[in-house]
Structures are given as C-alpha cells and as structure tokens.
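A.B. asks: Supplied in structure tokens, the structure appears directly below.
Read the figures in this text as sums done on the coordinates, not as results from a lab. Keep in mind the model is a prediction, meaning the values are calculated, not measured. All Cβ positions, even for glycine, are placed from backbone atoms using ideal geometry, and neighbour counts span all protein chains on display.
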Amino acid sequence: MGLMRLLPRTHERTQTSGETQLARVIAFANQKGGVAKTTSTINLAVALQERGKRVLVVDLDPQGNLTMSQGLNPDSIERSMFDVLVHRLPITEVIHEQEIDLAVSSIDLAGAELALSSQIGRERAFEKSIAPVKAAYDYILIDTPPSLGLLTINALVAANGVIVPVQCEYLSLRGLVQLENTLSMIRENLNPEVAILGILPTMFDGRTLHSKEAIEILTENFGPLVYKTKIRKTVRYAEAPVNGSSVLKYDPKGPAADAYRELAKEVLNGAKARKHA
C-alpha cells in the first residue's frame, strides 16, 4: 500500500538560511548487467539511513530486483513507477515503507519506454515525478536497468550524480566509455550538472591477479573517481534479498555490511568536499 506522507520516518529536516534543502539525487548506472547495481543501491541507502539520513530508493528496473529484495512481489503490485511515469500518478502513491522507503517497480515498467516515446518532454518524466518529495529526503537513490535506454536517461536527467558499479573484470571496464559518452550528451542537452560521482569496484576477489589488475586499470584511467571501498565477493549479498532485507540488517556485524558503511562515509565525505569547494 502506498504512503501518502511526504516526511519519512524521522523528524523534519532542518532548514538553512530559511530555505529547505532538496534531496541529492544519485543514479546507479551501468549498461552491463550483473555488476551488483541493485545490491549497491539498497545497501548504500540503508547505510546512509543508519547515519541519520532520510533516504528514498526508486526501482526503475522492470526486472524489479530491488523491489523483490525488500520482500515485495513485483508481479502482484497494482501501482508502480510505470503509473508514475506514464499516467502521472503521484510518486507518494507507490512508496512502500519497508526497511527503507521504496518506490516500487512492476513488470508493467517494461512498457514505459514505448509509452513515453511519443510524449513531449519524455526525458524529464522522472525528474518531474520526484520534485514534490525532494524536500522530504536527504538522498534519493535510483536503481536503473542494465541498458542506456529511456528509463536510464530519465534517471540521469534527474540526477545530481552517478555511481557506477563496475565488476572487477576487464570486459566490465569497457562499458564505462559508452556510459561517459551518454553522460556527455546529457550534459550538452538536458542536464549540465550530471557527472560520475564515483566508480565502485564490485565482486572483488583479492586472491586473483585479474581483480587486482582491474583495480589498477580503473585507477590509472579514473584516478580519484574510484572509491577506496571495494565490494568483495561473498554469498551474504545473495542471501540477504532472499530474506527481504539489506545485508546490513541480515548480517549487521559482518564485513559485507561494513563495506557499504565505508562506502556511505565516502559518499558523505564527497558531498562535504563539494559543499565547501
């Protein structure tokens, strides 16, 4: 059941100089699938929530893996982000209060790109949909499909920045060039501010030379954009969604949970550095 409230979970956010601060919008994007994008979206969100931040997670992937990871069935959801994007349903109608506030996906979302394609301003449908709730959250994190289609473009147009999960394999690194080209076009035409906030190495296996070489290549090419946090291979990331929770709830004291807590620190520190730049 959707929530009609605008202020989530905790006390109202403080205001600075009489102005309400708006949520920082971060898209998780990589056109390659299987890079732990959904895992990273939900676990960073919960790690930020642990640090007192108000967080909304949006599932823009028709596969609905993020929605499922919070114990919901995308096949039985009546109203989802499809209705928000295509029929202009208020996003508050599809926000479910699970472990974290979640705007849910359903299989219908697979038809959103076709339905939006004939609409004027189709690239800004998502940006408009989140505008009414941006003052209620500190962060809005978006899980995007493994493609650079219209749903992902909608996320990038609305975003302040992008986190790119990259599997520690050589072939995974090549997709970064295509993503950078897409971001360049979006900056020129739709959102001049969007940029890569950070590149997150995932599925890292310190026992293999290949993983270490992949990190070296990333660092050589992208330098400080590469997060120091490395998300290591572990079965915990697969087990947690089966239980309808993040790894921080499923195994709160384990190294898998701690990795995303470290990532949250890096994301917050990066935001502070930009604020005082």
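A.B. asks: Taking the Cα centre as origin and putting +1 on Lys and Arg beta-carbons and -1 on Asp and Glu beta-carbons, what dipole magnitude results for the chain, to the nearest 20 debye?
C.D. replies: Computed about the Cα centre, the dipole is about 740 debye.
A.B. asks: Only one of the values (i) 1.11; (ii) 0.94; (iii) 0.97 was calculated from this structure for Rg/Rh (Cα atoms, Kirkwood Rh); name its label.
C.D. replies: (ii)
A.B. asks: By per-residue mean of other Cβ atoms within 10 Å, what is the highest-first order of 185-193, 67-75, 50-58, 149-157?
C.D. replies: Per-residue Cβ counts within 10 Å, averaged per peptide and sorted highest first, yield 149-157, 50-58, 67-75, 185-193.
A.B. asks: Between Ile217 and Val177, how many nm apart are label points set 7 Å from Cα along the C-beta direction?
C.D. replies: In this crude spin-label approximation the distance works out to 1.1 nm.
A.B. asks: Here are some pairs, Lys32/Lys128; Lys230/Lys253; Lys53/Lys265; which of them have Cα atoms lying more than 23 Å apart in this structure?
C.D. replies: Lys32/Lys128
A.B. asks: Can you compute the charge dipole magnitude of the stretch 74-215 about its Cα centre, using +1 on each Lys and Arg Cβ and -1 on each Asp and Glu Cβ, nothing else charged? Give it in debye, rounded to the nearest 20.
C.D. replies: About 400 debye.
A.B. asks: Here's a follow-up. Among 202-211, 238-247, how do they line up from the highest to the lowest mean number of other beta-carbon atoms within 10 Å?
C.D. replies: 238-247, 202-211
A.B. asks: Sticking with this one: FRET efficiency for His210 and Glu262, Cβ-Cβ distance as r, R0 = 25 Å, nearest 0.05?
C.D. replies: So, using R0 = 25 Å, E works out to roughly 0.60.
A.B. asks: In nm, give the distance between the simple-model label positions of Lys228 and Val242, each being 7 Å from the Cα along the Cα-to-Cβ direction.
C.D. replies: Each label point is offset 7 Å from its Cα along the Cβ direction, giving 3.4 nm.
A.B. asks: On to the next question. Return the sequence-ordered ³J(HN,Hα) values of the stretch 111-123 in whole Hz as given by the Karplus equation 6.51 cos²θ - 1.76 cosθ + 1.60 applied to θ = phi - 60°, using x for Gly and Pro.
C.D. replies: Using θ = phi - 60°, the values come out as x, 5, 4, 5, 5, 7, 4, 9, 8, 6, x, 4, 6 Hz.
A.B. asks: List every DSSP H helix in the chain whose Cα atoms extend 18 Å or more along the helix's own long axis and whose mean Kyte-Doolittle hydropathy is at least 0.0.
C.D. replies: 37-50
A.B. asks: Let me ask you something else. Report the convex hull volume per residue for the stretch 69-147, counting only C-alpha atoms, in Å³.
C.D. replies: 105
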